[in-house]
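One structure below.
Where a number appears in this text, it was derived from the coordinates with a stated rule and is not lab data. Owing to the predicted nature of the structure, the values given are computational and were not obtained by experimental measurement. As a convention, Cβ positions derive from the backbone with ideal geometry for all residues, glycine included, and neighbour counts pool all protein chains shown.
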Amino acid sequence: MEQASPIDQIAERVERLLLRYEELQRTNALLTQQVATLTQERDSYKSRLSAARSRVDALLERLPANAIPSATTATITPTDSRF
C-alpha cells in the first residue's frame, strides 16, 4: 500500500482537528446553556429561601418572648427529607 504524502497527512490531521474543534464548540454551547439554566434555578431557590426566612422571622416575632426556647435547650432539626 502506498504511503500518503506529507501534505495529505497534514490535510487529514487538519480535517480531524476541525471536526474536533466544531464538536468542542457544540459541547461548550450546551454547557454554557446548562450553566445559565442552573444559575437561574439557583437564583430562584435563593429568592425562595430568603422569602421563607422572612416569613419564619415574622412568625417568630409574633410569638411571645417566653414562648421561644433558648438555643441551649432546644435543637432544631429539619424533619423534611428535602433538607
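Given the Cα-Cα distance of Ala11 and Leu63 and 0.36 nm per residue of separation, how much length would full extension add, in nm? Working shown, then result.
Values: separation 52, 0.36 × 52 = 18.72 nm, distance 7.73 nm.
Roughly 11.0 nm would be gained on extension.
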For this session: Return the distance in nm (one decimal) between the two label points of a simple spin-label model at Glu22 and Thr39, each offset 7 Å from Cα along Cα→Cβ.
Result: 2.9 nm
